[in-house]
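Participant: First the structure, then my questions, so here it is.
The values are calculated or read from the model by the stated rules, or taken from the named source; none is laboratory data. These numbers were taken from a predicted model, which means no experiment stands behind them. Here the Cβ positions follow ideal geometry from the backbone for every residue, glycine too, while neighbour counts run over all protein chains shown. SASA here: full protein model, heavy atoms, side chains in, ligands and nucleic acids out. Shrake-Rupley method; radii C 1.70, N 1.55, O 1.52, S 1.80 Å.
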Amino acid sequence: MNDLEFKQQILDTKSASFCAAKWYNATIWLGSGMTTSCHHPLPHKVSVDEVQINPRALHNTPKKKAERQMMQQGERPAGCEYCWKIEDMGRDAISDRVYKSKIYPLEELDRAVNTLSDEDINLRTLEISFDRTCQFACSYCNPAFSSSWVKDIRDNGPYANLVSDGRNHFTHTHDSSQLYKFGEINPYVDAFFQWWESDLHKTLDELRITGGEPLMSGYTWQLLDWFKTNQGKSKTRLAINSNLGTQVDIDRLFKSVDAPIDLYTSNESVGLQAEYIRDGLVWDDWANTVELILDNQIDHKLRGLHIMCTINALCLDSLVDFLECVVNWKLSYGRDAVSFTLNILRFPSFQSPLVLPEHLRTQYKDQLADFMVRHQDQTYLHEHEWNHMQRLVDYLDVVKTPHSNAAELEVLQRDFKQFYQQYDQRRGKDFATAFPNLMEWYAQI
């Protein structure tokens with residue numbers, strides 16, 4: 001059954017808005033006590049009082065329970081707008097609710113749609129972040145997720161005159177995102193380990209650790225020590241997000257776990273452009289580390305290396321070059337050794353690919369479409385990779401605004417330039433050198 005058939009025959013027969021992620025998946029930021037059902041809806045607060053009584057409240061919040069009921073009735077939760085926008089393009093576009101649901105057994109989908117909305121659900125897949133420690137300060141990130149971004153704001157003050165930044169990503173240090181230091185009593189971390197010991201290690205299919213940079217967090221190594229000490233006690237698959245930067249101890253990671261592991265990393269452009277977008281990254285080091293990991297995938301018991309591409313206004317200039325790199329790795333190491341996803345950025349809105357003028361969007365859309373034609377007869381690309389490319393082509397062609405509350409295009413473009421002028425000054429970078437193909441437009445903003 002392909003992705004479209006799954007949507008039409010499985011998901012839509014349960015309800016027009018059903019998504020299993022609302023029941024079985026979560027991202028939980030334990031440093032701040034925030035949670036969401038996937039990376040698209042905005043996070044919301046978890047009650048400290050609730051988790052001290054019931055650790056399952058880390059996931060089973062009143063908000064999620066209300067949205068489960070909406071989905072059971074075919075109503076669309078507003079926080080899931082990303083998927084509705086993709087589906088409303090028409091063209092049989094595949095939204096992420098398909099991918100977030102397809103990973104679970106059909107009987108689990110039936111159970112979810114028939115479960116009373118106020119019941120607690122045990123997670124099947126979980127992404128956790130212990131803290132925001134990170135040596136990178138990527139342009140589309142912010143202080144809520146990176147201690148290096150915190151340093152930028154503390155050293156240089158807030159970014160100024162960003163009219164469209166309604167969330168104030170770049171105006172303060174987001175100290176509410178890191179309420180507890182490592183070693184301090186953290187009720188959210190305590191609740192996680194209590195839930196892990198009692199139930200989660202038995203019921204969870206996959207545990208994915210993110211950050212910040214999780215391999216720089218002491219709690220990550222504490223959890224990995226549990227796996228090593230309790231070898232065979234849990235069948236949970238382990239996955240780690242890592243930027244693969246020079247301060248990351250990849251060897252220690254693989255020596256700390258005896259079971260196969262999935263490794264997720266991020267990039268979406270090449271060379272100087274990658275280094276510009278993802279401040280802290282050195283392109284050659286990152287690419288060499290990827291190849292070193294793939295060279296030793298058997299020794300490392302690597303289940304797969306997954307590259308998450310955050311599609312923003314700047315990366316489109318070398319996205320196809322980046323995808324050619326991934327294809328070459330597939331040819332060298334195997335179709336399943338490395339894979340990619342194309343995740344379209346919506347926030348901050350002024351970095352959305354839709355901020356680009358129409359002629360550039362068309363140019364980049366055509367380049368990606370040409371890439372697809374060149375590789376269409378090959379077998380080394382997965383169905384989800386084809387679907388992600390096609391939906392980006394359609395997105396650049398059809399969609400006009402990043403989200404329903406986005407500012408007017410002229411305002412977004414003005415903020416785009418305001419931000420990168422300040423970014424250059426703070427980070428010692430030069431937009432003109434990194435993106436000469438964008439300079440004619442950039443200079444006219």
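Participant: Just to be sure I understand: of the beta bridges DSSP finds with both ends in the chain, what percent are antiparallel, rounded to 5?
Facilitator: That works out to approximately 15 percent antiparallel.
Participant: Among Gln178, His201, Asn243, pick out the residue whose Cα is farthest towards the positive end of the charge dipole of region 154-282, where Lys and Arg carry +1 and Asp and Glu carry -1 on C-beta, about the Cα centre.
Facilitator: Comparing the listed Cα positions along the dipole, His201 ranks first.
Participant: Mean Kyte-Doolittle hydropathy of 0.5 or higher plus an axial Cα length of 20 Å or more: which whole DSSP H helices in the chain meet both?
Facilitator: Length and hydropathy pass: 319-333.
Participant: Further question on the same structure: So with the 1.4 Å probe, I'd like the accessible area per residue for region 266-408, rounded to whole Å².
Facilitator: Using a 1.4 Å probe on heavy atoms only, each residue of region 266-408 averages 38 Å².
Participant: Something else about it: Just to confirm my understanding: which cysteines in the chain have no other cysteine beta carbon less than 4.7 Å from their beta carbon?
Facilitator: Cys19, Cys38, Cys80, Cys83, Cys134, Cys309, Cys315, Cys325
Participant: Once you've got the Cα coordinates, tell me which of Lys100/Lys301; Lys45/Lys181; Lys330/Lys429; Lys202/Lys301; Lys22/Lys429; Lys64/Lys330 are over 30 Å apart.
Facilitator: Distance filter (> 30 Å) returns Lys330/Lys429; Lys22/Lys429; Lys64/Lys330.
Participant: On to the next question. May I ask you to give the percent of accessible area on the chain that is carbon plus sulfur, with a probe radius of 1.4 Å?
Facilitator: On the chain, the fraction of accessible area on carbon and sulfur atoms equals 47 percent.
Participant: Stretch Ala432-Ala337 to full length: gain in nm at 0.36 nm per residue minus the Cα-Cα span?
Facilitator: Extending this stretch completely gives an extra 30.6 nm.
Participant: Given Cβ point charges of +1 (Lys, Arg) and -1 (Asp, Glu) and nothing else, what value in debye, to the nearest 20, does the dipole of region 31-153 about its Cα centre take?
Facilitator: 220 debye
Participant: Quote the charge dipole size of region 59-99 about the Cα centre in Debye, to the nearest 20; the model charges only the Cβ of Lys and Arg (+1) and of Asp and Glu (-1).
Facilitator: For region 59-99, the charge dipole is close to 240 debye.
Participant: Can you compute 3J(HN,Hα) from phi for each residue in region 270-281, using the Karplus curve 6.51 cos²θ - 1.76 cosθ + 1.60 with θ = phi - 60°, rounded to whole Hz and x for Gly and Pro?
Facilitator: 10, x, 4, 5, 4, 5, 5, 5, 10, 4, x, 7
Participant: Here's another thing I want to ask about it. Near the amide H of Tyr264, under 5 Å away, which other amide H atoms are found, from residues 5 or more places off or on another chain, if H is placed in the peptide plane?
Facilitator: Hits under the 5 Å cutoff: Ile240, Asn241, Ser242, His306.
Participant: Using the basic label-point model (7 angstrom from Cα toward the beta carbon), what is the Trp221 to Leu272 distance in nanometres?
Facilitator: A separation of 3.8 nm, rounded to one decimal place.
Participant: With each run of n ≥ 4 DSSP H residues scored as -39500 (n - 2.57), what mean residue ellipticity at 222 nm is computed for the chain after dividing by its residue count and rounding to the nearest 500 deg cm²/dmol?
Facilitator: Only helices count here, giving -12000 deg cm²/dmol.
Participant: How big is the dipole moment of the chain about its Cα centre under a simple scheme where the beta carbon of each Lys and Arg is +1, that of each Asp and Glu is -1, and everything else is neutral? Debye, nearest 20, please.
Facilitator: So the magnitude is around 780 debye.
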